[in-house]
Amino acid sequence: MFRKLHIQVAVFCTTVTGGIFFALVLVCLFFARKSLEANNYASFTSQLNSALIHLKEQDTISHLWLNQLQENEQFLLYLYDNNIPLYYQNYHSSRQEETLKKEAIYIARTKYGAGIFTGSPGSITTHTEFNFTSSDGKDYYASAGIIPKKNSYLSFIALFPLASQHTQELKLYFATCSAGFAAVSILFIFSWFFTKRMIIPLENTRQEQTDFIASASHELRSPLAVIKTGLETLKKTENPYEMEHFIDLMAGETNRMQNLVNNMLFLANADSGHLSVHKEKCQPDGLLIYIYEKYTPLCQKKQLSLSLNLPEEIFPYCYCDKEWIQQVFSILLDNAISYTPSGGRIDMALKQTKSSLVFSFTDTGCGIPDNEKALIFNRFYRSDNARSDKAHTGLGLCLAKEIISSHKGRIWAENPESGGSCFYVELAAYTGGTTV
């Protein structure tokens with residue numbers, strides 16, 4: 001499913017971005033072509049004006065000047081003296097040029113009204129510019145006109161071939177299209193890897209949801225099975241002691257299932273960003289004293305030593321949700337008591353750093369393998385040492401992490417050199433009305 005989504009998103013991103021890119025390229029090509037046409041037309045008019053000024057000022061026209069003017073066939077000029085072509089043209093013009101010249105004169109006269117053989121001595125210089133396509137499909141800028149002389153007049157037809165302009169346009173199109181396809185290819189490659197990285201969190205989230213549902217179903221199956229068995233037994237037995245035993249058993253499993261559902265609802269609210277946190281100023285040592293008094297009887301019952309180490313210095317306030325933080329500490333104490341054997345020790349401590357308060361919970365239990373330190377905060381994760389303990393569903397540390405994250409704090413675990421494990425909770429200190 002995600003592979004198909006990956007392909008669709010990559011193609012969609014490439015298509016949309018590529019479409020915008022090609023639209024911009026077309027706009028750029030349009031203006032580039034207009035600029036190229038303007039430059040070529042400016043070159044044509046410049047050469048035309050230069051030639052007309054020379055023809056007006058000179059009484060004789062040299063063959064050398066005509067050769068230089070028409071060099072490389074970039075500007076073609078055909079002159080008529082009193083409607084008679086110059087001898088130079090009769091000598092140098094090919095049959096193809098004669099045909100071209102006649103076509104241009106015909107178009108100038110019939111389409112633009114510029115007859116070059118209707119002048120008269122003493123009239124002003126007139127000329128008309130137009131676009132012209134020859135019978136062999138070649139394009140030209142053209143000008144037809146008459147230059148008056150003393151007792152005669154010169155008629156002319158000037159042609160500026162656009163083959164060079166078309167070649168430049170083709171090169172521009174080819175270069176632009178090549179660059180465009182290369183850019184789209186690079187864009188597709190980028191989109192492919194970018195969307196893949198974008199979809200990875202979706203895949204991970206879906207896998208986490210699948211694992212979460214599977215783990216939750218597994219955890220709920222056991223208490224439901226116990227309750228179902230107990231109900232079936234209650235239907236069959238009349239022994240009051242046996243009935244009381246199964247009622248107590250079903251009540252315990254119901255409480256366990258209720259806690260599991262509450263925890264899952266908590267995580268669902270945290271995932272959706274609806275976790276309600278009401279922060280207030282709290283004394284950090286008071287938080288630990290409350291947990292110490294709460295768990296001292298349980299530790300004594302399990303023959304565990306519970307100690308609280310608080311320095312004599314005065315701590316700044318901790319800006320937090322008191323109930324949520326006490327729940328985190330309760331989770332850590334529950335785990336420490338569960339994994340610490342009889343005769344062991346649990347130490348709670350508090351210290352202040354430059355800008356935060358660090359709570360520590362150290363036990364002399366089995367410790368946490370290095371390869372599990374990054375996993376213990378995952379949902380429904382339980383170490384091998386806890387698989388047989390039904391009291392732990394694997395959600396406690398995950399809940400603790402979510403609560404601490406909502407306080408913009410940090411929670412992590414380490415293994416002391418003396419053995420066991422130590423959990424640290426870091427929260428921002430409160431000074432002068434703000435957290436630091």
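The values are calculated or read from the model by the stated rules, or taken from the named source; none is laboratory data. This structure is a prediction, so every number in the text was calculated from the model and none was measured. All Cβ positions, glycine included, derive from the backbone under ideal geometry; neighbour counts span all protein chains shown. These area figures cover heavy atoms from the full protein model, side chains too; ligands, DNA and RNA do not enter into them. Shrake-Rupley method; radii C 1.70, N 1.55, O 1.52, S 1.80 Å.
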### Message
So, Glu293, is that one in a helix (DSSP H, G or I), of a type in the set (Asp, Glu) and open to solvent by 30 Å² or more (accessible area, probe 1.4 Å) or not?
### Response
yes
### Query
Any chance region 39-47 includes a residue that's open to solvent by 70 Å² or more (accessible area, probe 1.4 Å) and over 29 Å from Leu79 (Cα atoms)?
no
## Note on the structure
Listed by first then second residue, the pairs whose first member lies in region 167-184 and is within 16 Å of Thr17 (Cα to Cα), whose partner is open to solvent by 60 Å² or more (accessible area, probe 1.4 Å) and in a helix (DSSP H, G or I), with beta carbons under 9 Å and at least 6 positions apart or on separate chains, are Gly180/Phe21; Gly180/Phe22; Ala183/Phe21; Val184/Thr17; Val184/Phe21; Val184/Phe22
### Query
When residues of region 174-202 are filtered for being open to solvent by 80 Å² or more (accessible area, probe 1.4 Å) and either touching a Lys or Arg at 6+ places or on another chain (Cβ under 8 Å) or not basic (Lys, Arg) (or both), how many remain?
10
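Can you tell me which residues in region 307-349 are part of a loop (DSSP other than H, G, I, E, B) and either surrounded by 17 or more Cβ atoms within 10 Å (Cβ to Cβ) or of a type outside the set (S, T, N, Q) (or both)?
First, the residues of region 307-349 that are part of a loop (DSSP other than H, G, I, E, B): 310-316, 321, 340-344.
Result: Leu310, Pro311, Glu312, Glu313, Ile314, Phe315, Pro316, Asp321, Thr340, Pro341, Gly343, Gly344.
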#### Entry: Residue among Glu323, Glu312 that is at pLDDT below 90 and over 22 Å from Glu402 (Cα atoms)
Glu312
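Filter region 392-421 for residues that are among the polar types (S, T, N, Q) and within 31 Å of the chain's Cα centre (by Cα) and give the result.
To start, the set of residues in region 392-421 that are among the polar types (S, T, N, Q) comprises 393, 405-406, 415, 418, 421.
Residues satisfying the conditions are Ser405, Ser406.
Please state which one of Asn204, Asn151 is of a type in the set (S, T, N, Q) and outside any helix (DSSP H, G or I).
Details: Asn204 fails: outside any helix (DSSP H, G or I).
After ruling out the rest, the residue left standing is Asn151.
Across region 46-64, what is the number of residues that are under 20 Å from Pro148 (Cα atoms) and assigned to a helix (DSSP H, G or I)?
Of all residues in region 46-64, those under 20 Å from Pro148 (Cα atoms) come to 47-62.
Imposing the further condition that a residue be assigned to a helix (DSSP H, G or I) reduces the set to 47-57.
Adding up the residues that qualify gives 11.
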### Query
Within region 117-132, is there a residue that is at pLDDT below 85, more than 24 Å from Thr167 (Cβ to Cβ) and not in a loop (DSSP other than H, G, I, E, B)?
yes
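Does region 238-253 contain any residue that is touching a Pro at 6+ places or on another chain (Cβ under 9 Å), surrounded by 13 or more Cβ atoms within 10 Å (Cβ to Cβ), among the aliphatic types (A, V, I, L, M) and at pLDDT 75 or above? Can you show your working first?
Initially, region 238-253 is screened for residues touching a Pro at 6+ places or on another chain (Cβ under 9 Å), giving 250, 252-253.
Applying the additional criterion that residues be surrounded by 13 or more Cβ atoms within 10 Å (Cβ to Cβ) yields 250, 252-253.
Subsequent filtering for residues that are among the aliphatic types (A, V, I, L, M) retains 250.
This time we only want the ones that are at pLDDT 75 or above, so: 250.
Among the residues of region 238-253, at least one is touching a Pro at 6+ places or on another chain (Cβ under 9 Å), surrounded by 13 or more Cβ atoms within 10 Å (Cβ to Cβ), among the aliphatic types (A, V, I, L, M) and at pLDDT 75 or above, which makes the answer yes.
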## Note on the structure
When Leu79 is run through (1) assigned to a helix (DSSP H, G or I); (2) open to solvent by less than 70 Å² (accessible area, probe 1.4 Å), the failure sits at (1)
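Please verify whether Glu57 is modelled with pLDDT of 85 or more, open to solvent by 40 Å² or more (accessible area, probe 1.4 Å) and not β-branched (Val, Ile, Thr), treating the condition exactly as stated.
On the way: modelled with pLDDT of 85 or more: no; open to solvent by 40 Å² or more (accessible area, probe 1.4 Å): yes; not β-branched (Val, Ile, Thr): yes.
Criteria not met by Glu57.
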## Note on the structure
By residue number, the members of region 390-411 that are in a loop (DSSP other than H, G, I, E, B), at pLDDT below 85 and under 22 Å from Met348 (Cβ atoms) are Ala391, His392
### Message
Looking at region 106-118, I want the residues that are more than 17 Å from Ile84 (Cα to Cα) and have a partner that is at pLDDT 85 or above with Cβ atoms under 6 Å, at least 6 apart or on another chain. Which pairs are those?
### Response
Ile107/Phe132; Ala108/Ala144; Tyr112/Thr128; Tyr112/Phe130; Ala114/Ala108; Ala114/Thr128; Ala114/Ala144
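Could you go through region 210-219 and let me know if any residue there is open to solvent by less than 50 Å² (accessible area, probe 1.4 Å), at pLDDT below 85 and among the hydrophobic types (A, V, I, L, M, F, W, C). Talk me through it step by step, then tell me what you get.
Initially, region 210-219 is screened for residues open to solvent by less than 50 Å² (accessible area, probe 1.4 Å), giving 212, 215-216, 219.
Now narrow it down to the ones that are at pLDDT below 85: 212, 215-216, 219.
With the extra rule that they be among the hydrophobic types (A, V, I, L, M, F, W, C), the set shrinks to 212, 216.
Yes: region 210-219 contains one or more residues that are open to solvent by less than 50 Å² (accessible area, probe 1.4 Å), at pLDDT below 85 and among the hydrophobic types (A, V, I, L, M, F, W, C).
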